Amino acid sequence: MYDFTYTTHSSRVVFGKGSMKLIQQEVETLGARRALVLCTPQQRAEAETVASLLGPSSAGVFDGAQMHVPIENARRAREFAKEVGADCAVAIGGGSTIGLGKAIALESSLPIIAIPTTYAGSEMTPIYGITEEGLKRTGRDQKVLPRTVLYDPELSAGLPAQLSFVSGINAIAHAAEGLYAKDGNPVMAMMAEEGIRSLAKGLRGVKKNNRDMEARSECLYGAWLCGTVLGNVGMALHHKLCHTLGGTFNLPHAQTHAIVLPHALAYNSVAAADAMARIARALDAGDAAGGLYELNRELGVPDGLRAIGLREEDLDLACDVAMSDPYWNPRPVEARPLRELLHRAWEGCRPRA
Ligand code: NAD
């Protein structure tokens, strides 16, 4: 029986090869005149291309985006935006750069245009994160949701294959948890299933040929759908666990998501049987957790948290931190099975329900 509430967040999405070239037009559509381009130091060249496409509408480039959005960088970027008289910001990059755009918007209400170059999905969510004195504070505010998103598959073609795979599985995690969300709804469920299907197909295509535009387009389309799910419904065990592991042990974001996901799904498999059936169908696999584990292996995702720097002696602390902040999950989160889940994810063995 249906029983749900559905609220939409409005943003404009322009999808297609070469859509980055529409940037000047999109700035005008927003009613803005001077756009500050944001990027990481590594993506300065892409940001300069955007600035040159903007021509006289460019207010310059700020290349101080960093993982986890340190408050100092957000302050410097806000000051710089004021100094150059920017009335809008264009964030070109992954979740870290889009996160910097959100941190600017949170205080200044400057509209943000996002041009994502990974599959993380931050561009479709009103969720922000800012790190102050070692603590990452997250929250939701409609002000930070990018007003326009340009999805250009040509840009993600520069993302190295290994990063593409973990980033794509990171996106699948949003959809998978969206399928058993407490506040889920049928529209998000359709988007989630289609997002998983597209990413699984697209990532396999990228594995064959890193620069295959059809495959890149399929992945980016899936990332849009999965990011939309993340922005609209609540997440559970998997996201909380990855947040703990990233925050406490400074593990890389997308890799952590990719490794933990099959194990988190196995943990929830009995309690969320309908969601698991939809995930399995989207993956064309016998079961959701096993299907994702196999996909990870096929793509060569690091096999286990130990491969990305977590020490076995850290597992108890990881379990304690994850247990310290209660949250909703389809199956109650209990210390013993959670510790077992962590051990399996650390070792990289097959997930077990
Ligand atoms: P990232 O933005 O940290 O990028 C990783 C590195 O890859 C950076 O050096 C970046 O410059 C580089 N890069 C990005 N795209 C590239 C490309 N096409 N070619 C070559 N290099 C490229 O990584 P991410 O996984 O996209 O984002 C992770 C961050 O985003 C985390 O801090 C996470 O918490 C946050 N996030 C937030 C949300 C949200 O809704 N607020 C959602 C997802 C992720």
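A few comments on the model shown:
- Each residue of the stretch 133-138 was assigned a 3J(HN,Hα) from its phi angle through the Karplus expression (A = 6.51, B = -1.76, C = 1.60, θ = phi - 60°), giving 6, x, 10, 8, 9, 10 Hz with x at Gly and Pro.
- Mean-position separation - Cα centroids, the stretch 286-342 and the stretch 113-174, in angstrom: 22 Å
- Over the stretch 8-55: Rg over Rh, Cα atoms, Kirkwood Rh: 0.99
- Each 5 Å bin, from zero up to the one with the longest distance, holds this percent of the alpha carbon pairs of the stretch 12-156: 2, 12, 23, 27, 22, 11, 4, 1, 0.
- In loop segments of the stretch 272-329 as defined by DSSP, the trypsin sites (Lys or Arg not before Pro) with at most 16 further C-beta atoms inside 10 Å of their C-beta are Arg311.
- Here the sum of -39500 (n - 2.57) over DSSP H runs of 4 or more residues, divided by the residues of the chain, equals -17000 deg cm²/dmol at 222 nm, to the nearest 500.
- Pairs of alpha carbons in the stretch 230-352 whose separation is greater than 18 Å (percent): 49 percent
- Dipole axis of the chain (+1 Lys, Arg; -1 Asp, Glu on Cβ), positive-most option in Ser19, Leu265, Gly234: Ser19
- Coupling constants for the stretch 161-170 follow from the phi torsions by the Karplus curve (6.51 cos²θ - 1.76 cosθ + 1.60, θ = phi - 60°), and in residue order they are 3, 4, 5, 4, 5, 5, 5, x, 6, 4 Hz; glycine and proline get x.
- Taking amide H atoms as placed 1.01 Å from N in the peptide plane, the amide H of Ala59 lies under 5 Å from those of Ala35, Leu36, Val37, each 5 or more residues away in sequence or on another chain.
- Karplus (6.51, -1.76, 1.60) ³J(HN,Hα), θ = phi - 60°, over the stretch 97-110, in Hz, Gly and Pro reported as x: 6, 5, x, 5, x, 5, 5, 5, 4, 4, 8, 10, 6, 4
- Packing around the peptides 149-155, 88-94, 108-114, 343-349, taken as the average count of other Cβ atoms within 10 Å per residue, puts them in this order, highest first: 88-94, 149-155, 108-114, 343-349.
- Compared with the direct C-alpha span, the chain from Ala273 to Thr29 gains 83.4 nm at full extension, assuming 0.36 nm per residue.
- Cross-link pairs exceeding 31 Å between alpha carbons, from the set Lys82/Lys240; Lys21/Lys143; Lys21/Lys182; Lys21/Lys136; Lys17/Lys102: Lys82/Lys240; Lys21/Lys182; Lys21/Lys136.
- Estimated translational D of the stretch 246-315 in µm²/s (Stokes, Kirkwood radius over Cα pairs; 20 °C; 1.002 mPa s): 166 µm²/s
- D by Stokes-Einstein for the chain, Kirkwood Rh over Cα pairs, 25 °C, 0.890 mPa s: 121 µm²/s.
Values quoted throughout were computed directly from the atomic coordinates according to the rules given, and no laboratory measurement underlies them. Quick caveat, the model's predicted, so the values are computed rather than measured. So basically every Cβ, Gly included, is an ideal-geometry build from the backbone, and we count neighbours across all protein chains shown.
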